[in-house]
Amino acid sequence: MATSSDWAVEATGLVKIFGDNRAVDGVDLRVRTGSVYGVLGPNGAGKTTVIRMLATLLRPDAGHATVFGHDVQHEAQIVRQLIGVTGQYASVDETLSATENLVLFSRLNGLGRAESRVKANELLEEFGLTAAAKRPLKNFSGGMRRRLDLAASLISQPPLIFLDEPTTGLDPRTRSQMWDTIRRLVSTGSTVLLTTQYLDEADQLADRIAVIDTGRVVAEGTADELKASVGKSSLQLRLLDPADRDDAVRAIRSVLGVDVTLSPEAARITAPMQDPDRITDLLVALREQNISLTELAVQKPTLDEVFLTLTGHGVENDSETRPDASETPRGRVNA
Amino acid sequence: MSTITSTIQSGVSRELRNHVSVGQTVRNSFSMAYRGLLKVRRTPEQLIDVTLQPIIFTVMFTFIFGGAIAGDVASYLPLLIPGILVQTVITTSVVTGVQLREDMDKGVFDRFKSLPIARIAPLAGALLADTVRYTIATTITFVVGFILGYRPEGGIGMVVLAGLLVIVCSWALSWIFAFFGVIARSASSVQGISFLVLFPLTFLSNAFVPSDTMPGWLQAFVNVNPVSHLVSAVRDLANLGTIGGDFWLALLGAAVVVAIFAPLTVRAYMRKA
Ligand SMILES: Nc1ncnc2c1ncn2[C@@H]1O[C@H](COP(=O)(O)OP(=O)(O)O)[C@@H](O)[C@H]1O
Ligand SMILES: [Mg+2]
């Protein structure tokens, strides 16, 4: 039997209903202290609603949740002393400057006037915002706003931090900076519960992942377990001359020992990839038969495929929230 | 030294309390009021209503009604300035509700709600910060009146007391508008409902016209309207230097409004917050 110190979050049967929409429909979560837990799901899956209930911002319609053993409803004020929340939409004051925001939140966290200044400056430095400290937030980029938001969540050094889609809408560089920051946070002993729409991000950061769809947890496990349940990466080849197709398919069968899928236009071949090491052998075999490639790509399982496998339906309107191509989980090499 | 790299105290070894003390409630409210003032400094255009409105209303009413009601402008000023003062400052208190609604719809309110602060602090702070707006409107109205030739007989001390009375009563009335702010769906609907309450209160009073010129049924309302008592109290203070029955009736009216609307507002707010 685990003690309450083992679990930063324990939730059972959380339900939230908006009108006749069961936004969260019986969610169970267990987050081990000191770990990073990822809640992965498409837009509208109920991620934000789950976080809001755990962070005492929204009353669950049913179910029960504790944070370090404290009930989120009956001991809300205690829970608030243990958490930092970085919402999906910047929860900082747009009309104030970065410094003023951090000083205000420090004061509200019980720090004295001088202490608050020191704390604000420390955090601004830490998050690379010193230069912009006095400017109004209106002129802040999305990444700066996110960083300030996260900084504000860290004032009280909370042992549990909620990050709701911390990198959605950020450019690749800012995103990887955010990932570094999150990793550093974890190394100080914080527990992090983050939500994301990207399998890649959950994969990079989270020790365990819950996949959530239409208010329900449809899968839970480590990134590897999840990916294994979805299938392996696949290898995609595009031939210079479509007439080489049959030879190429034969080569793949003999070298990799797998069956392939052919695209309708026949020039693209997709093969499940079990052992990346064998790719070299395949390329050598193709070269020996004078089969030229125009493209070689490794396609990791995408969120789309995860959902397709787990729920039987794909991710709707995924493209509008998806960052640009450089961030899709696809390593592309031109051959 | 670095904030992010120092180790974090674990969740179970912390000293935690599930209630907020009165002292902390007051401190939190003042921090929130401080935020309100910072916002004003960042967006000074918010002050247009408390600066321009007293100027325009005072000048306009003086010259429109001055001749008709009192024969000449100078003799109308002692009647008008207290009326304008009360009307402008009370109108200003409507903004409390509108701004509260706008504020509550912003992301930053989620952070307030997630902090271990007194639940009531964002509300109390907003109302507290607004007394600064009332003070500005009060000062400007008296100054414009002075420029137009108003010389209150009561002396500076009594004028200050009159100003304080108006500020206290407006603060009390702002609970009504804060209530609308908390329960309404949008900022514009707050404005709508608030003016529906505000217009009868300010215009069906003795603020601009002596009530004895009105029909009997109207006089009946005008005479129980707390705003009328407030206007009369300000006239007594500023023009005569006396504290009359109206002074106490105005304060009583303010107390009744707070007694009714503060609990209503707080309860509605807590349910949402
Ligand atoms: N305050 C609200 N009122 C009504 N419906 C809401 C509210 N918040 C969220 N929803 C609905 O609940 C569902 C889950 O939303 P949300 O938790 O924001 O999903 P996610 O964060 O995964 O994108 C959506 O269908 C959304 O429209
Ligand atoms: Mg969301």
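In segment A:145-176, of all residues being hydrophobic (A, V, I, L, M, F, W, C) and within 16 Å of ligand 1 (Cβ to nearest atom), the one that is farthest from A:Gly41 (Cα to Cα) corresponds to A:Phe162. Screening segment B:166-189 for residues that are surrounded by 23 or more Cβ atoms within 10 Å (Cβ to Cβ) and β-branched (Val, Ile, Thr) and picking the one that is nearest to B:Ile136 (Cα to Cα) gives B:Val166.
Selection within segment A:141-154: residues that are in contact with a helix residue (DSSP H, G or I) (Cβ under 6 Å, 6 or more places away or on another chain) and free of Cβ contacts under 8 Å to residues at least 60 places away in the same chain. The member of this set that is farthest from the other protein chains (Cβ to nearest Cβ) is A:Gly143.
Being in a loop (DSSP other than H, G, I, E, B), of a type in the set (Ser, Thr, Tyr), closer than 17 Å to A:Leu160 by Cβ and within 24 Å of the chain's Cα centre (by Cα) is true of A:Thr56.
Scanning segment A:13-34 finds no residues that are assigned to a strand (DSSP E or B), under 24 Å from A:Gly189 (Cα atoms), touching a residue at least 24 places away in the same chain (Cβ under 8 Å) and among the small types (Gly, Ala, Ser).
Screening segment A:98-110 for residues that are touching a residue at least 24 places away in the same chain (Cβ under 8 Å), over 14 Å from A:Arg145 (Cα atoms) and open to solvent by less than 20 Å² (accessible area, probe 1.4 Å) and picking the one that is nearest to the other protein chains (Cβ to nearest Cβ) gives A:Phe105.
Listed by position, the helices (runs of 4 or more DSSP H) enclosed by segment B:138-253 that each have at least 1 residues that are in contact (Cβ under 8 Å) with a residue 60 or more places away in the chain are B:156-183, B:187-203, B:226-235. The single condition among (1) farther than 21 Å from B:Pro210 by Cβ; (2) open to solvent by 10 Å² or more (accessible area, probe 1.4 Å); (3) within 23 Å of the chain's Cα centre (by Cα) that B:Val94 does not satisfy is (2).
Candidates in segment A:111-128 are the residues that are on the phi < 0 side of the Ramachandran plot and not in a helix (DSSP H, G or I); of these, the one that is modelled with the lowest pLDDT is A:Phe127. If you go through segment A:50-69 and keep only what is surrounded by fewer than 23 Cβ atoms within 10 Å (Cβ to Cβ) and away from ligand 1 (no atom under 16 Å from the Cβ), you end up with A:His64, A:Thr66, A:Gly69.
Residues in segment A:111-138 that are in contact (Cβ under 8 Å) with a residue 24 or more places away in the chain and within 9 Å of another protein chain (Cβ to nearest Cβ) were compared, and the one that is nearest to B:Leu37 (Cα to Cα) is A:Pro136. Scanning segment A:259-268 for residues that are buried (at least 16 other Cβ atoms within 10 Å of the Cβ) and among the hydrophobic types (A, V, I, L, M, F, W, C) returns A:Val260, A:Ala267. Across segment A:24-44, the number of residues qualifying as surrounded by 21 or more Cβ atoms within 10 Å (Cβ to Cβ), within 16 Å of ligand 1 (Cβ to nearest atom) and either small (Gly, Ala, Ser) or within 14 Å of chain B (Cβ to nearest Cβ) (or both) comes to 2. Exactly one residue out of A:Ala62, A:Ala151 is touching an Asp or Glu at 6+ places or on another chain (Cβ under 9 Å) and assigned by TED's automatic domain parsing to the domain that holds A:Val186, and it is A:Ala151.
Regarding A:Leu29, is this residue under 25 Å from B:Gly107 (Cβ atoms), within 16 Å of ligand 2 (Cβ to nearest atom) and either more than 15 Å from the chain's Cα centre (by Cα) or outside the structural domain of A:Val72 (by TED's automatic domain parsing) (or both)? When the stated conditions are applied, A:Leu29 passes them.
Considering segment A:155-169, the residues that are of a type in the set (S, T, N, Q) and at the interface with chain B (Cβ under 10 Å from one of its Cβ atoms) include one that is farthest from A:Asp200 (Cα to Cα), namely A:Ser156. Using the structure shown, decide if A:Leu193 is within 14 Å of chain B (Cβ to nearest Cβ) and touching a Phe, Trp or Tyr at 6+ places or on another chain (Cβ under 7 Å). The answer is yes for A:Leu193. Using the structure shown, decide if A:Thr48 is within 16 Å of ligand 2 (Cβ to nearest atom), at negative phi and not basic (Lys, Arg). For A:Thr48, the condition - within 16 Å of ligand 2 (Cβ to nearest atom), at negative phi and not basic (Lys, Arg) - is met. Assess whether A:Lys47 counts as being charged (D, E, K, R), away from ligand 1 (no atom under 16 Å from the Cβ), touching a residue at least 40 places away in the same chain (Cβ under 8 Å) and more than 9 Å from every other protein chain (Cβ to nearest Cβ). Against the criterion (charged (D, E, K, R), away from ligand 1 (no atom under 16 Å from the Cβ), touching a residue at least 40 places away in the same chain (Cβ under 8 Å) and more than 9 Å from every other protein chain (Cβ to nearest Cβ)), A:Lys47 does not qualify.
Give me a count of the residues in segment B:190-219 that are open to solvent by 60 Å² or more (accessible area, probe 1.4 Å) and not charged (D, E, K, R). Qualifying residue count, segment B:190-219: 9. Counting the residues of segment B:132-158 that are surrounded by fewer than 19 Cβ atoms within 10 Å (Cβ to Cβ) and not small (Gly, Ala, Ser) gives 11. Scanning segment A:169-206 for residues that are among the hydroxyl-bearing types (Ser, Thr, Tyr) and within 16 Å of A:Ile83 (Cα to Cα) yields a total of 4. Kindly indicate whether A:Glu94 is surrounded by fewer than 24 Cβ atoms within 10 Å (Cβ to Cβ), more than 16 Å from ligand 2 (Cβ to nearest atom) and without any contact (Cβ under 8 Å) to a residue 12 or more places away in the chain. Spelling it out, it is not the case that A:Glu94 is surrounded by fewer than 24 Cβ atoms within 10 Å (Cβ to Cβ), more than 16 Å from ligand 2 (Cβ to nearest atom) and without any contact (Cβ under 8 Å) to a residue 12 or more places away in the chain. The number of residues in segment A:72-97 being more than 10 Å from chain B (Cβ to nearest Cβ) and closer than 25 Å to A:Gly189 by Cβ comes to 1.
The values are calculated or read from the model by the stated rules, or taken from the named source; none is laboratory data. Remember, predicted model here, so these are calculated numbers, not experimental data. Methodologically, a virtual Cβ is constructed for each residue, glycine included, from the backbone with ideal geometry; neighbour enumeration extends over all protein chains shown. Accessible surface is based on the protein model in full, side chains and every heavy atom, while ligands, DNA and RNA are left aside. Shrake-Rupley method; radii C 1.70, N 1.55, O 1.52, S 1.80 Å.
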